[in-house]
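Everything below concerns the one structure shown next.
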Amino acid sequence: MTGSGSLSSPLCTWIVAACMSVTCAKESKYALSPPSSTTGNRSRRRKAAAAAALKCNSNNKYNNYSSGMGGGGPSLQGLVSSCLAFEPCSHYYASNGLLRSNRKLRRLHPPALSGQAMAVAVQPTKEVETKKKPHTKQKRVVVTGLGVVSPLGHEPDVFYNNLLEGVSGVSQIEAFDCAQFSTRIAGEIKSISTDGWVSPKLAKRMDKFMLYMLIAGKKALADGGITEDMMDELNKAKCGVLIGSAMGGMKVFNDAIEALRISYKKVNPFCVPFATTNMGSAMLAMDLGWMGPNYSISTACATGNFCILNAANHIIRGEADVMLCGGSDSAIIPIGGLGGFVACRALSQRNDDPTRASRPWDMNRDGFVMGEGAGVLLLEELEHAKKRGANIYAEFLGGSFTCDAYHMTEPRPDEKALAQSGVSKEDVNYINAHATSTPAGDLKEYNALMHCFGRNSGLRVNSTKSMIGHLLGASGAVEAIAAVQAIRTGWVHPNINLENPEQGMDTSVLVGPKKERLDIKAALSNSFGFGGHNSSIIFAPFK
């Protein structure tokens, strides 16, 4: 053998054979022999090599041969890296034939670790055999805190009490002059105090979606009993934030565009970080010093549900003990939610009677009503919550996502959510529907719900949007809070403005104009977003 090319071919053959022998170790007692030199008694050398190999100690260390072999180097390296390679013992080199065939190889290409030629073990050691992971009981996820910023109040109890009383948060838009628009109403937040939640300097600069998110997130912590002293006791590497937004900082970005018309020097240097959808979640994590999972998801109006389910999965997988999750949006501005949705004729134009504009399932509905706000849930691993003495509001059982491409074999999101949560569909007796007050959407969702749950005894269905409008990326999270509050209080809020239900609907399953008592077994909350993002999540009383 006078060159690397002549060496690589038989050596590659050897390695391939060795890999096969390792894979089939249970079927063959001995590995295939390495290639011998081109002269002499090949049979004797193969027997000597095999005998020497059997004397090798099975505890030899791995030897990753990475030096390459000339023209055959890359393929050789790939083969070696895919095999179980071991450093040879002295008995292996005792074979004279093998020594002669490997002397030149060792001079040309000394192994990187041992100084000796690499050999492949006949059988894998016990340490490298695949071990089955012991079965562990799945971690349970509970809700221990709620934070909300909404057109009906900024405390969970205030917000839900207004819902129970059938109060509407829809009114004339006051933030800007919208006389030119065909829609001039929204679920607008008129005022909110940042004292004690966000520093005045940041509050002045950041977009409202981020402001609402920080306030709701910190209120969820406070509601969950995580004080400043308790924060020091948390393992912050296992505390995460997953709060998303559908629209992000549209106001900040729009202001930067207007400034750019004058000069780039007028552009707010914070316009990019304060406009991107992930920065609210990132700012909250930095403020709290939490170093666990931290990112945002943007799936249009299904954002809140997606974030809640993914946060719960981080806890179930053991990657976090505590997660703040939900959604936030504030897009009631000329260029954003208002102008854009007016252009696609999606909004209600009942400007003279704003409190009656949002009317899911009613025959006279003419589009949805924009809203703004944030909802944040504090999710916690059950044992972690018990250890710190947390007040458990409800248990998160699971959920699911699908795309709009329904066909005969594609289950709907609510059906998949049931399968993943282990809940029988007969146990679901409360549904907080997505129901936005659009002509087509409400009926399609209703038909899907009736297909799955229509025969459930005592089923009650309502829409929080009838009172607060559609909060876009925040809607799923705020409605999840309404579902948890229904479990806590034993009351479900009414459907307001449902005066003439759509023909063919079974109105017996829809909550009437007044709040109703309900012993909830399992509550399902739906959210659907532009792009075909469908999601359902399930909560139940903690037992």
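The values are calculated or read from the model by the stated rules, or taken from the named source; none is laboratory data. Because the structure is a prediction, the values reported are computed rather than measured. We place every Cβ from the backbone using ideal geometry, glycine too, and count neighbours over all the protein chains shown. All accessible areas refer to the heavy atoms of the entire protein, side chains included, with ligands and DNA or RNA removed. Shrake-Rupley method; radii C 1.70, N 1.55, O 1.52, S 1.80 Å.
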### Message
Return the residues of the range 441-470 that are open to solvent by less than 10 Å² (accessible area, probe 1.4 Å) and of a type in the set (A, V, I, L, M); say none if nothing qualifies.
### Response
L449, L459, V461, M467, I468
### Query
Given (1) in contact with a Ser or Thr (Cβ under 8 Å, 6 or more places away or on another chain); (2) modelled with pLDDT of 95 or more, where does A246 come up short, assuming only one miss?
(2)
### Query
So I297 fits all but one of (1) surrounded by fewer than 23 Cβ atoms within 10 Å (Cβ to Cβ); (2) at pLDDT below 95; (3) under 30 Å from R388 (Cα atoms); (4) not small (G, A, S); what number is the exception?
(1)
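Of all residues being open to solvent by 40 Å² or more (accessible area, probe 1.4 Å) and touching a residue at least 12 places away in the same chain (Cβ under 8 Å) in the range 177-190, which is nearest to the chain's Cα centre (by Cα)? Just the residue, please.
Kept after step one, since they are open to solvent by 40 Å² or more (accessible area, probe 1.4 Å), are these residues of the range 177-190: 177, 179-180, 182, 184, 190.
Remaining after also requiring touching a residue at least 12 places away in the same chain (Cβ under 8 Å): 182, 184, 190.
Values: S182: 37, R184: 35, K190: 32 Å.
Out of the qualifying residues, it is K190.
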### Summary
By residue number, the members of the range 358-390 that are under 25 Å from M450 (Cα atoms) and surrounded by fewer than 19 Cβ atoms within 10 Å (Cβ to Cβ) are M363, N364, D366
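Here are some residues: V241, V149, V158, V170. Which one is crowded, with 16+ Cβ neighbours inside 10 Å, at pLDDT 95 or above and farther than 30 Å from G339 by Cα? Explain how you work it out, then say what you get.
Numbers: V149 fails: farther than 30 Å from G339 by Cα; V158 fails: crowded, with 16+ Cβ neighbours inside 10 Å; V170 fails: farther than 30 Å from G339 by Cα.
On inspection, the qualifying residue turns out to be V241.
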#### Entry: Test for T438: is it among the β-branched types (V, I, T), modelled with pLDDT of 85 or more, farther than 18 Å from N305 by Cβ and surrounded by fewer than 24 Cβ atoms within 10 Å (Cβ to Cβ)
yes
### Message
Among the listed residues T183, T194, identify the single one that is at pLDDT 90 or above, in contact with a strand residue (DSSP E or B) (Cβ under 6 Å, 6 or more places away or on another chain) and assigned to a loop (DSSP other than H, G, I, E, B).
### Response
T183
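Can you name the residue in the range 501-526 that is in a loop (DSSP other than H, G, I, E, B) and open to solvent by 70 Å² or more (accessible area, probe 1.4 Å) and is also modelled with the lowest pLDDT among such residues?
That would be G504.
If I filter the range 412-435 down to residues being of a type in the set (G, A, S) and at pLDDT 90 or above, which single residue comes out as farthest from K515 (Cα to Cα)? I'd like the intermediate steps shown before the answer.
The initial filter retains those residues of the range 412-435 that are of a type in the set (G, A, S), namely 417, 419, 421-422, 424, 433, 435.
Next, from what is left, pick out any that are at pLDDT 90 or above: 433, 435.
Working: A433: 16, A435: 18 Å.
Among residues in the range 412-435 that are of a type in the set (G, A, S) and at pLDDT 90 or above, the one farthest from K515 (Cα to Cα) is A435.
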